[in-house]
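Structure record follows, encoded as structure tokens.
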Amino acid sequence: MANTNVVKGKNVIVEMNIAAVYYPVFCCKTMEFVQSQEIIEVTSINSGFSREYEAGMSTATLSVTGITVLDNTSGQVSITYLIQEAIRRQVQSMRITLTSDAANSLQISFDALITSNTLSRERGSYSQSNTGFVITGTPTISALVPPPAVTCEVFPLYIDCVATETSVHDAALEAAGIVILLVERTGIGHDVTTGVPGNREYKFGGVGVGTISFDTTNPFNAGETIYILYQT
């Protein structure tokens, strides 16, 4: 049973508004949006033996990393554009778009200032770009996200592979209502497929079967481990 409410990493897009058009930042490989809540101590003589707090100011930051592009002509925002003083010192309108497996989307929109630009390279691979932002003001979400109607539990599962095999099984995955959230083969994430699994793909056999199959042309090596995150 596939959970169509989940969002794959590749379906999280960071964009910047340039001349009323939103463009993706870099060929984005990783992003991290962090919101921190300040707390203010309000402990008084009536607080007993426990300190008391209330919410203060909040801070949010964004970090984006991706393959370096030379300029903006490819329809992506380049590090060379963001390095310019006129851009660094100007508040930028940005948004993060999240799209679920069921093609439902919502957006987190905000204004931000650039706090850092990093350009790096490693011999034999593509140059990497990284830009850090601090959000100014309050981010807005395009649609209110209600709390889950049903409480579910999430469980991790580690299965040791058998050399030369191409599938793993566990009785816990046979239960009704199982939803697979994540599958990694020796630390490498795999995408779900309903057909024959190819490179970096897996197929879940479903309730009552409890088997997860991988690319038959790439059998397991001794010592490999499958990590599965699932919910009930």
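No lab work stands behind these numbers, since they all come straight from the coordinates. All figures in this text were calculated on a predicted structure; none of them were measured in a lab. Glycine gets a Cβ as well: all are built from the backbone with ideal geometry, and neighbour counts include every protein chain shown.
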### Query
Can you give the direction-averaged projected area of the convex hull of the alpha-carbon atoms in the chain, in nm²?
19.1
### Query
Could you state the number of Å between the C-alpha centres of segment 28-60 and segment 9-25?
30
### Message
Under 20 Å between alpha carbons, and skipping anything fewer than 8 positions from LYS10 in its own chain: which aspartates and glutamates qualify?
### Response
GLU32, ASP101, GLU184, ASP191, GLU201
#### Entry: Charge tally in the Cβ shell below 15 Å around GLY198, where Lys, Arg are +1 and Asp, Glu are -1, GLY198 excluded
0
### Query
What whole number of Å gives the distance from the Cα centroid of segment 100-134 to the Cα centroid of segment 168-232?
30
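Output the relative contact order of segment 154-231, whole-number percent, from Cα pairs under 8 angstrom with separation of 6+ residues. Provide the component values of the computation, followed by the final result.
Details: 175 pairs, mean separation 38.2, N = 78.
Taking the mean separation of contacting Cα pairs over the length of segment 154-231, I get 49 percent.
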### Message
With viscosity set to 1.567 mPa s at 4 °C, what whole-number translational diffusion coefficient in µm²/s follows for segment 154-231 from Stokes-Einstein and a Kirkwood radius over Cα pairs?
### Response
105
### Task
Provide the net charge surrounding PRO139, with neighbours chosen by a C-beta distance below 15 Å and charges set as Lys +1, Arg +1, Asp -1, Glu -1.
-2
